[in-house]
Amino acid sequence: MLPLEFLAVVLPSAGHGHYCVAELSTPKKSHVFKTTLGDLQPTLDKFNSVPYDTYVAMATFEEPGKRTSANARFLRSLFIDIDCNHKLDIPDAEGNVKPREYPSSKEAVAALVQFLTDSGLGELGQPWLASSGGGVHAYWSLSDDVSVEDWKPIAENFKSLCKQYALGIDFTVTADEARVMRMVGSTNTGIKGVKQVRGTTHAKLVSQGDIFDLDDLAKAIRSKLVAPSFETKQALMLPGVRPNAAKSSTALKLFADSKTSFKKILNASVQGTGCGQLVYYMENATKDGLEPLWRGLLSWAKCCEDDGLKYAQRLSDMHPYEPERLQQKWQEIKGPYPCLKMDGENPGICSSCPHFGKITNPLGLGRVVEFDTTEKEVSLAPREVQPEYHDESSVDEELDAYYEAEDSEAAAAPTVTRPSAPRGFGYGRTGGVYMERSDEDADGKTTTKQIMLLPFDLFVVRLLKANNEHTVHMIYDRKEGPQEIMLPQKAVVSKDETVKSLASQNVIAQFGAGNDKNLFEYVRACVNEASTNQQAVKVPDHCGWQEDNSYVHNYKVFRPHKKTVSMPMQGMENVNHGMNAYGTMEQWQKFMNMLIAKELYDVLTIFLCSASAPLMRFTGINGLTYHFTSRGSGTGKSLGLDAGASLWGSPLGYRVSRDTSAVTLQQRLGLLHSSPLITDEITQKN
């Protein structure tokens, strides 16, 4: 049988992707992709003429140039690699010592025959056998092409069956969908640096086998398997792009707020709730052939910031591996080995793990959220509310600069204090609310875990009192900036009311309804501490002077000889809406100096009347109205009103228009109190 004829038996049909052949003799390790087997022949001839160590991939690939598991699409055989040589423990080209289970190919074939008899697979037929020049390859050719999704679980089960019956195969090969096998008819140049291998040997087909039905083969494997079997998962093909769980904001938040402790993984493993592969290595570290397992453990240790290298050294000393070898492997490791790869290196251990199939690797078992429970000053971003009646066409360049320039004083946003977290709760190092919970299993073992309640901070600022009703003033600090929310204090006596009120303000517990109770308990604890340690603050019901000699303007309470306090003021939103600061003091002064230079003293008088409003408290006069009128147009009446309004907020947002009703004018006058009510064109109203 010609090499290409053999490939037609064990490889998928043409039209199911790209075939791949590779030479692994040179540092370049060239890979060539073709859509038909016939197109591979020139490449095979070229590689064999050098000669190179030539290999062929057992799968077809979606895109050329990428021999990866993610790119693999179809296969048409199960396969195993049995290493053997007349001398055991021969180092490979990289210097790794890999024990040969059988001293000769004859003994390897005998072990394979015994496996087929003991497992009952021999009753279904005989595999195709090929000599690799340094071992024996066996192929179970299938009657149809099989997708990777259907092939993978069966290959994993087959690998476990070989482990169960002690067949000495290379366990990294059998369930690797991107695996290459030495090409039949090619040259094996031997293992470099080993004198026992003289000259070259040829990989050749030893015996032809049968064709197997995949379902029959899978059923026979599962029937003999003692360990839990992998099951084929039927993929539901839907249009669109698969969402990437790794980019989940929650997952990223948990990762940012936590660190991984190898000690925690080790402790869990020793207690029987962690990784069995780690325990197996520690119990068998002095044996040969555990280097792939050792490298996998190193890949996990490298992800543990604080103690990974320390435990990597301890694991290496158990074998022992030389420190230089540890450093070499440490530098070469690119990322953590998945559980499936570790199971491939050492089958029969992972199948009994309660986490197998539920986690990618055991790093999550060592994850510890770094709590921050201390007080912290949080800066409140300024409210960027634009003037309500800004007509660009009616504003000259000086006023344009007033709106566009940012007020440096206003940019220095007020701060609030995030209190220390209640007992049992904490904040993530990058924000977020967490709960710490301890659980005890049936054996009395206690485990502690951190549960994310919210991916952002949520805390009580103060308790407010208005009209004998108490309200909880809270801050939630999302990435777009801190936002204020109000929660009726009476709502915290009920989980449902608390969750409902928070949800109406876009605060929802993570991970669904099961975490609602935890969020309620956190909010209840925060409110309890606030009510114990704080006195409720009376909320002003109007601007200007208050009974305690404080002055209220733009959500702020200015107090004599005390810190200015910012707070929400329900019912005063429309008034405060026009009181935001814009521009710079320099631009404002420039405008006033222009009025002086042009001797527009009537306009300046209107401005000074507005500025004098707070002083009326000391005159004994309860109220006063200034009416500025002129028979001509363009005399500066509206300009004077804008100048007066600019002292209190945005000129066109603070004042009211001619369309404002009389009732609204009266209500606004009561809310402004000591601050001036400014309105234009009153003669146009009835």
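Taking the conditions (1) in a helix (DSSP H, G or I); (2) open to solvent by less than 20 Å² (accessible area, probe 1.4 Å) in turn, A525 satisfies each one other than (2).
Note on the range 608-644: among residues that are outside any loop (DSSP other than H, G, I, E, B), buried (at least 18 other Cβ atoms within 10 Å of the Cβ) and without any contact (Cβ under 8 Å) to a residue 40 or more places away in the chain, the one that is nearest to the chain's Cα centre (by Cα) is G644.
Among the residues making up the range 466-494, those that are in contact (Cβ under 8 Å) with a residue 12 or more places away in the chain, part of a helix (DSSP H, G or I) and out of contact with any helix residue (DSSP H, G or I) (no Cβ under 6 Å at 6 or more places or on another chain) are Q489, K490. Restricting attention to the range 103-144 and to residues that are closer than 21 Å to R182 by Cα and charged (D, E, K, R), the residue that is farthest from the chain's Cα centre (by Cα) turns out to be K106. Restricting attention to the range 275-299, the residues that are of a type outside the set (D, E), open to solvent by 10 Å² or more (accessible area, probe 1.4 Å) and either assigned to a helix (DSSP H, G or I) or within 19 Å of L340 (Cα to Cα) (or both) add up to 10.
Can you tell me how many residues within the range 550-607 are open to solvent by less than 40 Å² (accessible area, probe 1.4 Å), touching a residue at least 60 places away in the same chain (Cβ under 8 Å) and of a type outside the set (V, I, T)? Of the residues in the range 550-607, 13 are open to solvent by less than 40 Å² (accessible area, probe 1.4 Å), touching a residue at least 60 places away in the same chain (Cβ under 8 Å) and of a type outside the set (V, I, T). The number of residues in the range 300-357 being among the aliphatic types (A, V, I, L, M), open to solvent by 40 Å² or more (accessible area, probe 1.4 Å) and free of Cβ contacts under 8 Å to residues at least 60 places away in the same chain comes to 2.
For the range 361-381, the count of residues that are of a type in the set (S, T, N, Q), in contact (Cβ under 8 Å) with a residue 24 or more places away in the chain, open to solvent by less than 40 Å² (accessible area, probe 1.4 Å) and touching a Cys at 6+ places or on another chain (Cβ under 8 Å) is at least one.
Does Q510 fit the bill of being open to solvent by 60 Å² or more (accessible area, probe 1.4 Å) and within 30 Å of P455 (Cβ to Cβ)? Against the criterion (open to solvent by 60 Å² or more (accessible area, probe 1.4 Å) and within 30 Å of P455 (Cβ to Cβ)), Q510 does not qualify.
Per-residue answers, yes or no, for (1) among the β-branched types (V, I, T); (2) at pLDDT 90 or above; (3) under 20 Å from K334 (Cβ atoms):
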site: F255; (1), (2), (3): no, no, yes
site: L266; (1), (2), (3): no, yes, no
site: T273; (1), (2), (3): yes, no, no
site: Y280; (1), (2), (3): no, yes, no
site: K287; (1), (2), (3): no, no, no
site: L293; (1), (2), (3): no, yes, yes
site: L297; (1), (2), (3): no, yes, yes
site: D307; (1), (2), (3): no, yes, no
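Please work out which residue is surrounded by the most Cβ atoms within 10 Å (Cβ to Cβ), limiting yourself to the range 120-166 and to residues that are among the β-branched types (V, I, T) and part of a helix (DSSP H, G or I). Checking each candidate, the answer is I154.
Would you call L463 under 22 Å from G571 (Cα atoms) and surrounded by fewer than 20 Cβ atoms within 10 Å (Cβ to Cβ)? For L463, the condition - under 22 Å from G571 (Cα atoms) and surrounded by fewer than 20 Cβ atoms within 10 Å (Cβ to Cβ) - is met.
The values are calculated or read from the model by the stated rules, or taken from the named source; none is laboratory data. Just so you know, these numbers come straight off a predicted model, no measurement behind them. Every residue, glycine as well, gets a Cβ built from its backbone with ideal geometry; the counts of neighbours run over all protein chains shown. Accessible surface is based on the protein model in full, side chains and every heavy atom, while ligands, DNA and RNA are left aside. Shrake-Rupley method; radii C 1.70, N 1.55, O 1.52, S 1.80 Å.
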